[in-house]
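The values are calculated or read from the model by the stated rules, or taken from the named source; none is laboratory data. The shown structure was predicted, so the numbers you read here are calculated from the model rather than taken from an experiment. FYI the Cβ positions are ideal-geometry reconstructions off the backbone, even for glycines, and counts take in every protein chain you see. Ligands, DNA and RNA are excluded from the accessible area calculation, which covers all protein heavy atoms including side chains. Shrake-Rupley method; radii C 1.70, N 1.55, O 1.52, S 1.80 Å.
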Amino acid sequence: MFRNYDLRRHVYGQVKDRYGLAAQAAQHVIKKVADAYATLHANLRSGHLGRPGSVRRERVQARPIVFRPGAAQPFDDRCLSWRMDARTVSIWTVGGRMKGVAFTASADQLTLLAAHRKGESDLVCRDGRWFLIATCDLPDVPVRAPDGFVGVDLGIANIATTATATGTGTGTGTGTGDGVRHSGKTLNAVRHRHRELRRRLQAKQTKSARRLLKRRRRKEARFAADTNHTIARRIVTEAARTGRGIALEDLQGIRDRVRLRKPQRVTLHAWSFHQLGHFIAYKAARAGVALVWVDPAYTSQACSACGHVAKNNRPGQETFACTSCGFAEHADVNAARNIAARGETGWAVSHAA
Ligand SMILES: [Zn+2]
């Protein structure tokens with residue numbers, strides 16, 4: 001029995017009495033369990049946990065889901081109330097209601113919170129500190145009809161390279177005149193440093209080393225997220241300023257295709273690309289910038305000048321040189337031009353009516 005309503009009918013009384021939970025809290029516990037299984041089942045269906053019969057999948061299916069003591073806990077407005085003026089929250093706990101608990105946030109977040117907070121908040125304990133994660137529901141900004149598209153190519157050496165279909169570079173990154181590349185140098189250096197430190201800590205296997213490891217991993221994730229936010233903001237601001245739309249590779253497709261061949265390739269990078277795509281998408285939506293997802297197949301091998309597709313068009317990691325028409329360009333800029341062109345086509349097709 002996995003559905004929230006069914007579960008509630010059968011276990012609500014037990015959960016409430018046995019653990020001394022208030023009515024709302026007991027319902028949240030049940031819903032959290034139901035949600036966790038819904039996510040698990042969706043992952044199983046889409047094959048993210050391996051093929052049927054695989055060791056990984058069998059192992060996941062054989063064990064019940066377990067929640068960490070510090071795992072995120074959802075609270076609705078009945079269990080947690082916000083007082084924006086006093087900047088405090090009142091929160092229900094198993095030890096009774098705690099009133100006047102001070103909270104803080106950046107000035108931007110406070111404004112957003114006061115105007116648009118909606119629904120449940122998650123309470124999370126991280127490294128001994130408590131965080132409230134609130135959902136803000138922002139009104140839709142109408143999408144402006146784009147005057148051309150800028151394509152975004154995602155890579156490891158250059159996290160993001162932007163170019164238009166006709167090859168005029170835009171933006172404020174480290175440009176070469178034609179196409180703008182957002183370097184992954186700093187991020188890769190930090191990752192490398194973290195990896196070294198991780199290896200040393202992992203070898204220790206003490207409790208404090210494990211704790212330190214966890215903290216490092218979060219720090220690295222925060223750094224990557226910060227980098228992605230900065231790049232996404234630059235790309236969206238520039239697109240808004242020039243009246244262009246943004247074309248992004250459909251990353252889900254890439255990830256699934258790669259996963260079938262070499263699972264070790266998709267680690268932090270795949271996650272980071274996915275996050276950058278997500279950041280660009282939501283920032284674009286907030287700015288009313290048109291966004292089109294394009295098929296990423298052969299964007300790196302196709303010539304953006306004549307359309308000729310060949311593996312030999314890529315003599316090196318960084319260089320593109322068309323074996324048919326002789327067009328030469330930085331490989332990432334060429335890919336970004338292809339993505340931009342596909343974005344324009346995609347937009348035209350979906351807006352033909
Ligand atoms: Zn060519």
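The table below lists the values:
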{"quantity": "Within straight-line cross-link reach of LYS185, lysines at Cα separation under 19 Å, skipping those fewer than 8 residues along the same chain", "calculated": "LYS219"}
{"quantity": "Sum of -39500 (n - 2.57) over DSSP H runs of 4+, divided by residues of the chain (222 nm, nearest 500)", "calculated": "-16000 deg cm²/dmol"}
{"quantity": "Ranked order, ILE133, ILE65 - accessible area, probe 1.4 Å, largest first", "calculated": "ILE133, ILE65"}
{"quantity": "Where GLU249, GLU120 fall by accessible area, highest first, once all protein chains stay in place (1.4 Å)", "calculated": "GLU120, GLU249"}
{"quantity": "Rounded D (µm²/s) - the chain, Kirkwood Rh over Cα pairs, Stokes-Einstein at 4 °C, 1.567 mPa s", "calculated": "55 µm²/s"}
{"quantity": "Gyration tensor over alpha-carbon atoms, the range 67-175, equivalent ellipsoid semi-axes in Å", "calculated": "41, 19, 13"}
{"quantity": "Using alpha-carbon coordinates, inclination of helix 107-116 to the longest axis of the chain, degrees", "calculated": "70 degrees"}
{"quantity": "Rounded to 10°, Cα long-axis angle of helix 4-19 versus longest principal axis of the chain", "calculated": "50 degrees"}
{"quantity": "18 Å Cα-Cα reach of LYS207 towards aspartates and glutamates, excluding residues that sit fewer than 8 places from it in its own chain", "calculated": "ASP127"}
{"quantity": "Computed magnitude of the charge dipole of the chain (debye, nearest 20; Cβ of K, R +1, Cβ of D, E -1)", "calculated": "2360 debye"}
{"quantity": "Whole-Hz ³J(HN,Hα) from phi, Karplus 6.51 cos²θ - 1.76 cosθ + 1.60, for the range 319-327, glycine and proline x", "calculated": "9, 10, 9, 5, 7, 9, 10, x, 4"}
{"quantity": "Cysteines not pairable in the chain (beta carbon separation under 4.7 Å absent)", "calculated": "CYS79, CYS125, CYS136"}
{"quantity": "Sites ASP108 and ARG218, calculated FRET efficiency, Cβ-Cβ separation with R0 30 Å, nearest 0.05", "calculated": "0.85"}
{"quantity": "0 to 90° range, to nearest 10: angle between helix 331-350 axis and the chain longest Cα axis", "calculated": "70 degrees"}
{"quantity": "Selection from ASN43, PHE67, LEU123, by position along the positive dipole direction of the range 1-155 (Cβ)", "calculated": "PHE67"}
{"quantity": "Charge tally in the Cβ shell below 15 Å around TRP82, where Lys, Arg are +1 and Asp, Glu are -1, TRP82 excluded", "calculated": "+1"}
{"quantity": "Under 30 Å from LYS16, Cα to Cα: lysines that are on another chain or at least 8 residues apart", "calculated": "LYS31, LYS32, LYS99, LYS118"}
